[in-house]
Each structure stands twice: as structure tokens, then as C-alpha cells.
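See structure below.
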Amino acid sequence: MGFLGDLIRTVSDLLSGGGGRQGEAPARETERETRRRPASTRRQPTSTPKARSAPSPSDVPARGRPDRERARPSRVSAEVSPGESGPQATTEVDPDRIGSVRMGYAPQSDGAPDPGEIVWTWVPFEENDGRGKDRPVLVVAAESAGTYLAVQLTSKDHDGEGDFVAVGAGGWDGQGRPSWVNLDRVIRVHEGGMRRESAALAREPFERVTDRLRERYGWR
């Protein structure tokens, strides 16, 4: 029986060991199937939704305020001086071609450029290229068309020069400088082209100017 008993035990052990391996096979097959399963069928971890951040103040459009980047209206509209352009424009005339001129001394504070008054108007430069500036002029005659003839004043010293007549200083020059009349520059002024009355020139210097104009152009 000793040998037979050992044989029986050996056979029993073999049978019990084979059953254990057979029990492990299904588990291994299940693991293999899990690995082969497509990714889409696998359970994904649940993600926590992110909270939306509040917009920053710079992202919020300002209401009720003008856009600072918007172009502002241009202020290029330059002020046009009286006498600078249009039908009331002040012009230089040829004294030899204007016909008969009757001069006289008749200053009046009536807002019009009367003979004997120094008024301010836009005067073209001698080049007659469209440029000019505000200058004082001495009105010497009224024309029948309603315009006025004047001669240009300057504060630049022209003492002793034959084409200039000294008229002294007066309220037309803010710095009180003496002035000279330029006999070569005869200006036609419209009432609407005068910027302002400045002052009446005294009769004595006015007559010195008109005497020289008679000699030069044959005016009366």
C-alpha cells in the first residue's frame, strides 16, 4: 500500500494543480480583452467645468463717453482779414491810369474810410503774388464808385528818401513809432474791406502828402 498510496497522492496532486491553472485562464483572457477594447469605449475621467472669468474693465466698452481714438474735427478754418479776398478785396492800382482824382480832407468817426483818416486793411505785397498783411493806409480821396484811394504807411525809417513823406507818430501805431507814406503804393479800399478806423491824421501832414501826390500824378 505504501507505493500505491504514494501513486494515488501524486495523481491527486496533478489533478488539483491543473484545475488551478484552468481557473486562472479566464482572468487572463478578461485582461487581454480589456486591453484590446477601443479607447472610445473606455470610461473617461469626469472633468470639472472651469468657472468663467469676469471681463476686465478694459474689455467693457465705455458707455456715454466719446471714443478718444475718433478723429476730432479739424480747426483749419483760418480767419480771413477784411479786404483780403472777394468783391471787397483791397487792391493796388496804377495811379497813372485811374483818371481824375479829387483829394480832400474830411475825416469823420462814422465807421467809413474817409479822406484824412488812417485805417487798417489787408494790403497785398508788392510782388502781387496773393500774399499780403494787415497794414495802416492813409485815405486821400473818395471815388464816385463808392471806393477810396489810399497810400500805404510804414514804420520803417525812410527819412530823406524822395518817394516817402514823413507824417509823424499817432494812434495807428501801438508802439508810437513815427511813420512814412509810400507815394509809390496807391491802394483802392472798399468800405467793407476796412478792418477798423484808427485815427485822423492832422491836416498839416495830410496836406504835405497830397501836395506831393499832385506833383507826382497830376491829381487835384
* Structure fact -> Burial-style ranking of 132-142, 88-98, average other-beta-carbon count within 10 Å with highest first, yields 132-142, 88-98
* Does a label point 7 Å from the Cα of residue 112, set along Cα-to-beta-carbon, have any residues of segment 187-210 with amide nitrogen under 15 Å, and which are they? -> 189-194, 197
* Structure fact -> Residues whose modelled amide H sits under 5 Å from the amide H of residue 123, counting only those 5 or more places away in sequence or on another chain, are 133, 134, 135
* Asked: If each of residue 217 and residue 145 carries a label point 7 Å out from its Cα toward its Cβ, how far apart are those two points in nm?
  -> 1.4 nm
* So how far apart, in nm, are the two label points at residue 184 and residue 131 if each is 7 Å from Cα heading toward Cβ? -> 1.8 nm
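Compute the semi-axes of the equivalent ellipsoid of segment 64-220, taking the square root of 5 times each eigenvalue of the Cα gyration tensor, and list them largest first in whole Å. Write down the numbers at each step before the final one.
Working: eigenvalues 233, 60, 47 Å².
Each semi-axis is √(5λ); the values are 34, 17, 15 Å.
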* Asked: Hey, with R₀ at 41 Å, roughly what FRET efficiency would residue 208 and residue 85 work out to, going by the Cβ-Cβ distance, to 0.05?
  -> 0.75
* **As computed over segment 94-180, the Cα convex hull volume per residue (Å³)** => 134 Å³
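Coordinate-derived values only; no laboratory data. Only a predicted model underlies this, so the values are computations on that prediction, with no experimental measurement involved. Because the Cβ atoms are built from the backbone with ideal geometry, glycine has one as well, and the counts that use them run over all protein chains shown.
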